[in-house]
Structures are given as structure tokens and as C-alpha cells.
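Data block below; observations after.
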Amino acid sequence: MRVAPQARLSPDVVRARALLGLLKQSRRPVFILLADALGVDALPTWVTLPAQTTDGHLLALAAAHRALLATCDGGIPGAEIIP
């Protein structure tokens with residue numbers, strides 16, 4: 001999980017912090033740590049800008065572990081969108 005409040009996505013850091021607190025208190029869903037040994041060669045081909053690197057890396061990491069990247073960001077091709 002990456003929590004990265006950004007002005008273009010959500011300028012409300014206070015709300016992001018509160019939501020993270022609720023998530024930490026929740027027993028569901030269960031989160032697991034994924035080992036990360038991926039290099040830059042694993043980035044999806046749509047990653048062409050530095051700003052896309054983390055999103056592409058997280059997507060590739062999920063795929064390497066047969067998982068899904070769940071996000072509120074509709075700009076990540078292949079990710080599961082959380083409304």
C-alpha cells in the first residue's frame with residue numbers, strides 16, 4: 001500500500017490521514033507484505049514519464065505475485081479501480 005496524498009488527486013491530507021487510521025484499525029482486508037526484487041526492466045511499457053514510475057512498479061509487483069493493484073487512481077492501466 002502506498003498512501004501519497006497529492007494535490008492533483010486529493011489535496012486533503014487530514015482526510016487521508018484519518019482514512020489511513022481507520023484502515024489500520026480494520027481487521028479486513030488482511031494485508032501481506034510482498035517481496036520486491038523487480039528492476040526497471042519489469043516496468044510496463046506505458047511508463048514513459050518519471051511520474052509514472054511508482055504506479056508502474058506497483059502494478060508490476062502485484063502482477064509478479066499474482067495479485068491486483070487496487071487504487072482510486074483511474075490513470076493506471078490494468079489496476080483495479082476502487083470507487
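The values are calculated or read from the model by the stated rules, or taken from the named source; none is laboratory data. In this text, all values refer to a predicted model and were calculated from it rather than measured experimentally. Don't worry about glycine lacking a Cβ; one is built from the backbone with ideal geometry, like all the others, and counts go over all protein chains shown.
Couple of notes before you dig in:
- Within the stretch 30-51, the set of residues being closer than 19 Å to Ile82 by Cα and either at pLDDT 90 or above or of a type in the set (Lys, Arg) (or both) is empty.
- Selection count, the stretch 52-74, where residues are surrounded by 12 or more Cβ atoms within 10 Å (Cβ to Cβ) and at pLDDT below 90: 3
- Residue check, Thr45 hydroxyl-bearing (Ser, Thr, Tyr) and either part of a loop (DSSP other than H, G, I, E, B) or assigned by TED's automatic domain parsing to the domain that holds Ala16 (or both): yes
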